[in-house]
């Protein structure tokens, strides 16, 4: 750090204010309330879904946000997301406050500390894990220790230098954001091209194609769950036992679930055909309707069904997989796609799904081979794009680190 820079504890140079409670005594006033959901991972305010609430006017008057306030996430987070994110309140008009899961950091002497500079330093502290050591867990929620947070030491160059640093960082991060956006577009375009090709094959069948219900040309099997009260059905078990979450792997080569021989008998489950198509009948989130290929000897619970051709000389399992995989949204709509509900498909509904396929097994093999090649190439490109995104995040950390050591001169993308 340069010799003309000072270091101050955050609590010395800033005031902290607790978040808003709605209150129960009139008069009320409708205000926009900044919540944890309005924090982006890049430390910016996302005002797309600000909640507008009727709150006690007296409560609001003490907690009205001002332009340049820094809002701190002090409670919330999750297993893989520490609290401590910060955003700048950048609105000059309107009535806005902040929730009781947040606090406001307000600079005491705005002629000595640039709020954008301080925000960037606190954002840097969060991204480098400083706040990870300052929080406790209770009932699944993380809570930031504000006493420790106020002890953060902030490097403070002269005010004009703070503004220069902010200007340089803004220019660099604007270029970084554009580069990342282009990578994301390329990634999405790659996925769209693959999906477009697959859709074109299945929506434009040839003359020598057949259309049958899955129940007519395939055997469908499901499994069961042994009684949870019997430890001997699970403890020491070596039989691989699939649950709905396993379909997200696409290629199932292993699973965490295990049951014993007694557990398998208790649940009336049977071994599923290796290389069968597995589809989720229900499950949370986007699981329902997801398909995977089973490459191991295993059984499953009742939330899954295996689909295996009655005659593999006429219909290939891998062809079925690609056909159903591209029809994910169509299959979900069979039961009415309402997001995160647990309403499920069933064996009868699956059996009635129609599948179009070439009568020539050689043509099916050609299609599968083409699909596999495209999928492999897509995965390679996705890995390259994801690596670039990670590299940009590491570059961002490196630039921030240089900025707060006074080493920003000459830094370029």
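The values are calculated or read from the model by the stated rules, or taken from the named source; none is laboratory data. The structure displayed is predicted, hence computed values, not measured ones. Cβ placement follows ideal geometry from the backbone for every residue including glycine, while neighbour counts extend to all protein chains displayed.
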Total residues in segment 155-169, condition more than 16 Å from residue 2 (Cβ to Cβ), surrounded by fewer than 18 Cβ atoms within 10 Å (Cβ to Cβ) and touching a residue at least 24 places away in the same chain (Cβ under 8 Å): 0
Filtered residues of segment 38-72 (kept if part of a strand (DSSP E or B) and under 13 Å from residue 18 (Cα atoms)): 70, 71, 72
Failed condition for residue 68, given (1) farther than 19 Å from residue 143 by Cα; (2) touching a residue at least 40 places away in the same chain (Cβ under 8 Å); (3) surrounded by fewer than 15 Cβ atoms within 10 Å (Cβ to Cβ): (3)
Residue within segment 290-297 that is assigned to a loop (DSSP other than H, G, I, E, B), in contact with a helix residue (DSSP H, G or I) (Cβ under 8 Å, 6 or more places away or on another chain) and free of Cβ contacts under 8 Å to residues at least 60 places away in the same chain present: yes
Segment 14-25, residues that are touching a helix residue (DSSP H, G or I) at 6+ places or on another chain (Cβ under 8 Å) and either at pLDDT 90 or above or in a loop (DSSP other than H, G, I, E, B) (or both): 14, 16, 21, 22, 23, 25
Looking only at segment 343-366, and only at residues there that are at pLDDT 90 or above and crowded, with 17+ Cβ neighbours inside 10 Å, the one that is farthest from the chain's Cα centre (by Cα): 358
So residue 412, is it out of contact with any helix residue (DSSP H, G or I) (no Cβ under 6 Å at 6 or more places or on another chain), outside the structural domain of residue 239 (by TED's automatic domain parsing), farther than 30 Å from residue 226 by Cβ and modelled with pLDDT of 90 or more: no
Unmet requirement for residue 84, which otherwise passes all of (1) in contact with a helix residue (DSSP H, G or I) (Cβ under 8 Å, 6 or more places away or on another chain); (2) assigned to a strand (DSSP E or B); (3) crowded, with 18+ Cβ neighbours inside 10 Å: (2)
Condition met for residue 310 (exposed (fewer than 14 other Cβ atoms within 10 Å of the Cβ), closer than 18 Å to residue 353 by Cβ and in contact (Cβ under 8 Å) with a residue 40 or more places away in the chain): yes
Residue ranges of helices (runs of 4 or more DSSP H) in segment 131-246 with at least 2 members modelled with pLDDT of 95 or more and farther than 30 Å from residue 105 by Cα: 214-217
Segment 256-279 - residue that is more than 28 Å from residue 320 (Cα to Cα) and surrounded by 20 or more Cβ atoms within 10 Å (Cβ to Cβ) and, of those, nearest to the chain's Cα centre (by Cα): 259
